[in-house]
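The values are calculated or read from the model by the stated rules, or taken from the named source; none is laboratory data. Nothing here was measured: the structure is a model prediction, and the numbers come from that model. Ideal geometry is used to build each Cβ from the backbone, glycine not excepted, and the neighbour counts take in all protein chains shown. To get the accessible areas, we keep the full protein, side chains included, count just its heavy atoms, and leave off ligands, DNA and RNA. Shrake-Rupley method; radii C 1.70, N 1.55, O 1.52, S 1.80 Å.
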Amino acid sequence: MRARSIATLLKVGVIGAGGRMGSEVCRVVEEDPELDLVARVDRGDPLQSLVDSGAEVAVEFSEPASVRANTLFCLEHGIHAVVGATGLDASALAEIETVARANGANAFVAPNFALGAVLMMKFAAEAAGHYDRAEIIERHHDKKLDAPSGTALRTARLMNEARGDEAEIPIHSVRLPGLVAHQEVIFGGPGETLTIKHDSLDRASFMPGVLLAVKRVASLPPLTVGLEHLIT
């Protein structure tokens, strides 16, 4: 067992610790020599345990219905929040930023923590200026609660921003057992198509991005949305 100097470690709590993503986050936090997992919060557990344990950063991977309230609780108690659970619309993000500023804690929100997914979104936004038509197909495991996915919605938003319009980009959602997280953006033009595709075959693909956000969130603005801000 590796030796730890508790005083120098960043104290981390995980919300949704019993879920697929949350359990994987717990595993990598425990293995990281710079981090100390001090609280596991699962469904029905009190969020107060984050405060009582002295958590400095909370990773939020619960459910769309609870992510807003959980994130606000963390910020109100001076705990930085790294949020991967979807369910935050523009009004919720605005509220989170306001609360973060008032309490000196920062929120980092990302619809996808995989490096390849961030590059996929970047390439899709770049291609969007060259094609009039595009559609998005996103495929996830059958236990995923939301559709379309946060990644697909953000991809469409970035593509529209690159085009300078608000035209609706069709999104097709597939939920089947055996899948993890997959997305392709298909562009169509005269006599050709262009497909930009990303596949996460294991939840381990998200963990480097999660750890990067955990270690950087304290130095970020009150609200940061998107992993691209940490890798560019």
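Using 0.36 nm times the number of residues separating residue 90 and residue 143, minus their current alpha carbon distance, what extension gain do you get?
Contour length minus the Cα-Cα distance gives 16.6 nm.
Under the rule a/c < 1.5 gives rounded, and otherwise a/b versus b/c splits prolate from oblate, where does the chain land using the Cα gyration tensor?
It comes out prolate by the Cα gyration axes.
Residue 162 to residue 31: FRET efficiency via 1/(1 + (r/R0)^6), r the Cβ-Cβ distance, R0 35 Å, to the nearest 0.05?
0.40
So how far, in whole Å, is the C-alpha centre of region 195-222 from the one of region 82-150?
Each part's Cα centre sits 11 Å from the other's.
Ignoring ligands and nucleic acids, what accessible area does residue 140 show with a 1.4 Å probe (Å², nearest 10)?
So the heavy atoms of residue 140 present about 20 Å² to solvent.
What spacing in nm lies between the two simple spin-label points modelled at residue 101 and residue 69, each 7 Å away from Cα in the Cβ direction?
The modelled label-to-label distance comes out at 2.6 nm.
Helix 20-31 against the longest principal axis of the chain: what's the angle in degrees, Cα atoms only, rounded to the nearest 10?
On a 0 to 90 degree scale, this one is about 50.
First check a/c for region 117-213, with a ≥ b ≥ c the square roots of the eigenvalues of its C-alpha gyration tensor; if it is under 1.5, answer rounded, and if not, answer prolate when a/b is larger than b/c or oblate otherwise.
Prolate, because a/c is 1.5 or more and a/b exceeds b/c.
Can you give the calculated 222 nm mean residue ellipticity of the chain, where each DSSP H run of n ≥ 4 adds -39,500 (n - 2.57) and the sum is split over every residue, rounded to the nearest 500 deg cm²/dmol?
Computed mean residue ellipticity for the chain: -10500 deg cm²/dmol.
Helix 207-216 sits at what angle to the longest principal axis of the chain, using alpha carbons and giving 0 to 90 degrees rounded to 10?
Approximately 60 degrees, to the nearest 10.
Could you compute the FRET efficiency for residue 123 and residue 45, with r as their C-beta to C-beta distance and R0 at 30 Å, rounded to 0.05?
Given R0 = 30 Å and the Cβ-Cβ separation, E is 0.15.
So, in nm, how far is label residue 229 from label residue 173 when the simple model puts each one 7 Å beyond its Cα toward the Cβ?
For residue 229 paired with residue 173, the spin-label model returns 2.5 nm.
Straight-line reach from residue 122: which lysines fall under 18 Å, measuring Cα to Cα and dropping same-chain residues less than 8 apart?
197
Where both partners of a DSSP beta bridge lie in region 51-190, what percent of those bridges are antiparallel, to the nearest 5?
Counting DSSP beta bridges with both partners in region 51-190, the antiparallel share is about 40 percent.
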